[in-house]
Amino acid sequence: MRNAGLGGWPARRALMSPNRTAFVFDGRAVSHAEVHERTTRLASSLRDAGVRAGDRVAYLGPNHVAFVETMFATHLLGGIFVPLNFRLAAPEIAYMVADSGASVLVYAPECATAVRGLPGLSTVVALESPMPGELEYETFLSGGDATPIDTPVALDDIALILYTSGTTGRPKGAMLSHANLVWNCFNIMAGVDVASTEVTLISAPLFHVAALNQTLLPTFLKGGTSLIMPSWDVDSCYDLIEKHRVTWMFGVTAMFAAFARSPRWADADLSSLRTLMSGGAAIPVALIRTYQQRGLVFCQGYGLTETSPGATFLEAGESVRKVGSAGVPVFFANVRVVRPDGTEAEAGEAGEVLIQGPNVTPGYWRNPEATAAALTEEGWFHSGDIATLDDEGHLYIVDRLKDMYISGGENVYPAEVEGVLFEHPAVAEAAVVGVPDEKWGEVGRAFVVPRDGVALTPADLADFLRSRLAKYKIPVHVDIVDALPRTGSGKIHKPELRTRPLPPGAAPPRSPATASSNPPEQR
């Protein structure tokens, strides 16, 4: 087989385990043999539509088995797959389609409005209810030839273009090669005992590299089963775990927090779960301990889209001793923490995280300036994240470099404050930003979402924080809100929070923690 990339995976798996279940979606099981046949037919139809090596095929919609089939079919032809975030607005999607130069789009019915008028598309395929001039997915797929396809594809060829969330300026298309994805799978399997009997719950969106390459692809590679949920739903998650005996699941803080808040938490049968994996942002220590008390252990990692995504990983055996750590560098990568001048930070000293390895992006699509700014000549990727290393080489993420603010000469990392706020039993979510202040330059402003049915006041939080944080870290302004604004990728949109005007007459709770006139070293 001349296809060394992901496009060859369905054929290889069909030879090894044809009758084993690869995917379960909407109650239907799909075997590895079926995946091979369906992706081959779909690739044949895409080839008839003009797709060739290097061409871009986009997908827009919630999690669906068609997402995986379209990806493998595109890679079978040596094409580049462009998964789009269906939560974005139509103009944002139009920009990504135009920037990537995608010629084919496969989309779900929920996204029909955003698809109208998209530029440059020669073929549009709808999963259901195609509009005039469009094709219907199953008809398009079944019309293809099942004869094996063996287009030469090298590991260094580009496999994916994944667009950043674009909280500042236009989003950038991070390119990931087949090699990047394969090496990330190797790194996962070096840190997690992925089994051929794995039953993996895919509930996070597949257009993010974490759900795709931290769970689905390693599971497929090992011949396990992926249960694909269209979207995150707490009750459905409990149902699937109990029905299918799920062994592995990935999530972010908001998902795991909602799962633990469910009335089903105390009594549900979760005995099948072997691995809980988190990423995207540091899981608050309080939440980790909640799961540990239930006998469940997190494998916490750190990474970015540009690192495919794994950069560091904390194995399950270290999760109690090193609670809160993002672990050590993955097996096939190097990680440094450096000062602004590029020198190595001492143990415990905060600095920027740099990553180097075969999992690191070759750059940004059609954006040499951004590529040059992100990558050194030696291939070290500037993450823009601040972290510390302990004396055993374990990484602790402090915050995003762009989120840090300086109050009275002292660096304040909002993620640290948010983690402490999360420990308050009445807090469901929290976000902290720096805002201008005449006296201190900048001070903290916290936006806090209380748990349902629980009363919470700024004074309550000030009292709670006083014994847990240095005075200069305690937010001067506290807003109790119903919800936090989010980007299209689901991240908290801090630029929007920074621009919110303070309420008329806003003043900090009158306590020594927030009303002090002491100099910074005494605050």
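Things worth noting here:
- Residue 262 vs. criteria out of contact with any strand residue (DSSP E or B) (no Cβ under 8 Å at 6 or more places or on another chain) and either surrounded by 19 or more Cβ atoms within 10 Å (Cβ to Cβ) or at pLDDT 90 or above (or both): yes
- Unmet requirement for residue 461, which otherwise passes all of (1) in a helix (DSSP H, G or I); (2) free of Cβ contacts under 8 Å to residues at least 40 places away in the same chain: (2)
- Counting only strands (runs of 3 or more DSSP E) wholly contained in the range 277-389, no element carries 3 or more residues that are assigned by TED's automatic domain parsing to the domain that holds residue 490 and over 30 Å from residue 246 (Cα atoms).
- Positions within the range 393-433 being of a type in the set (S, T, N, Q) and at pLDDT 85 or above, in sequence order: 407
- The set of residues in the range 81-94 that are surrounded by 24 or more Cβ atoms within 10 Å (Cβ to Cβ) and among the aliphatic types (A, V, I, L, M) comprises 82, 84, 93.
- Filter pass, residue 245 being modelled with pLDDT of 95 or more, closer than 21 Å to residue 216 by Cα and more than 23 Å from the chain's Cα centre (by Cα): yes
- Qualifying residue in the range 390-412 (condition: under 21 Å from the mean Cα position of the chain (by Cα), assigned to a helix (DSSP H, G or I) and within 26 Å of residue 306 (Cβ to Cβ)): no
- Among the residues of the range 157-176, none qualifies, meaning not one is acidic (Asp, Glu), surrounded by fewer than 22 Cβ atoms within 10 Å (Cβ to Cβ) and more than 29 Å from residue 366 (Cβ to Cβ).
- Within the range 74-112, being at pLDDT 95 or above and hydroxyl-bearing (Ser, Thr, Tyr) holds for 74, 100, 103, 107.
- Of all residues in the range 399-431, those satisfying the criterion of being of a type in the set (Gly, Ala, Ser) and touching a residue at least 40 places away in the same chain (Cβ under 8 Å) are 407, 408, 409, 415, 419, 428, 431.
- A single member of 25, 86, 81 is within 26 Å of residue 195 (Cβ to Cβ) and among the aromatic types (Phe, Trp, Tyr), and it is 25.
- Qualifying positions in the range 351-366 - within 12 Å of residue 384 (Cα to Cα) and not acidic (Asp, Glu): 351, 353, 354, 355
- Within the set 472, 396, the sole residue that is among the aromatic types (Phe, Trp, Tyr), touching a residue at least 40 places away in the same chain (Cβ under 8 Å), assigned by TED's automatic domain parsing to the domain that holds residue 338 and buried (at least 17 other Cβ atoms within 10 Å of the Cβ) turns out to be 396.
- Residue 435 being in contact (Cβ under 8 Å) with a residue 40 or more places away in the chain and not assigned by TED's automatic domain parsing to the domain that holds residue 203: yes
- Flag for residue 40 being crowded, with 21+ Cβ neighbours inside 10 Å, of a type in the set (S, T, N, Q) and over 25 Å from the mean Cα position of the chain (by Cα): yes
- Every residue from the range 197-216 that is surrounded by fewer than 23 Cβ atoms within 10 Å (Cβ to Cβ) and farther than 22 Å from residue 259 by Cβ: 197
- Just one of the listed residues (109, 119, 152) is more than 16 Å from residue 57 (Cα to Cα), out of contact with any Asp or Glu (no Cβ under 8 Å at 6 or more places or on another chain) and surrounded by fewer than 20 Cβ atoms within 10 Å (Cβ to Cβ), namely 152.
- Residue 73 falls short on exactly one of the conditions (1) without any contact (Cβ under 8 Å) to a residue 40 or more places away in the chain; (2) touching a helix residue (DSSP H, G or I) at 6+ places or on another chain (Cβ under 8 Å); (3) small (Gly, Ala, Ser); (4) assigned to a helix (DSSP H, G or I), and that condition is (1).
The values are calculated or read from the model by the stated rules, or taken from the named source; none is laboratory data. This is a predicted model, so every value here is computed, not measured. Cβ atoms come from the backbone with ideal geometry, glycine included; neighbour counts cover every protein chain shown.
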